[in-house]
Amino acid sequence: MKYIGGKWKAVILIQLIKKKRYSELRKLLPMVTERTISLQLKELEADGLVERKVYTNKPPLKVEYSLTDFGKTLIPLLEGMAKWGMETAEKNERVTVVKDDK
C-alpha cells in the first residue's frame, strides 16, 4: 500500500498501462486537480513505478509517462481493481463508468 495508497494513485496507474502524455491524463481525469496529478506522478516516479520521458528534439516539449517494469507488475492488480469497480458501480448505479478504449 506504500506504493499505491492514496485516492488517485491507482487511477493514474491504470491510465498509464498504456503510455500517456500529461495532457492526455488531464483529459482522462477531469475530477483530479492538475496539482494532484503532478504530485502523484512525482511520487510514483520516485517510487520507481512510473517513468517520465522528455522529448526535447522539437518544440513543443513532449513529456510521456509510462509504467516501469516494476510498475507493470501491478497490472493484474490494477485490472482486477478496475473490473471490481466497474461491476460494483454498475450494480449500484451510483457512478457513471467511463472506459478508455485507447
The residue that is surrounded by the fewest Cβ atoms within 10 Å (Cβ to Cβ), considering only those in segment 1-16 that are under 12 Å from the mean Cα position of the chain (by Cα) and outside any helix (DSSP H, G or I), is Lys7
Residue count for segment 17-55, restricted to those that are in a loop (DSSP other than H, G, I, E, B), touching a residue at least 12 places away in the same chain (Cβ under 8 Å) and not small (Gly, Ala, Ser) = 7
With the condition kept exactly as written, say whether any residue in segment 80-88 is part of a helix (DSSP H, G or I), within 17 Å of Gln15 (Cβ to Cβ) and touching a residue at least 60 places away in the same chain (Cβ under 8 Å).
-> yes
Among the residues of segment 22-37, the number that are loosely packed, with under 12 Cβ neighbours inside 10 Å and either hydroxyl-bearing (Ser, Thr, Tyr) or under 17 Å from Gly71 (Cα atoms) (or both) is 1
Given (1) under 13 Å from the mean Cα position of the chain (by Cα); (2) surrounded by 13 or more Cβ atoms within 10 Å (Cβ to Cβ); (3) assigned to a helix (DSSP H, G or I), index of the condition Phe70 fails | (1)
Which is of a type in the set (Val, Ile, Thr), touching a Phe, Trp or Tyr at 6+ places or on another chain (Cβ under 7 Å) and within 18 Å of Ala82 (Cα to Cα), of Val63, Val50, Val32, Val11?
-> Val32
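Read the figures in this text as sums done on the coordinates, not as results from a lab. Here the structure is a predicted model, which is why all the values come from computation and not from measurement. Don't worry about glycine lacking a Cβ; one is built from the backbone with ideal geometry, like all the others, and counts go over all protein chains shown.
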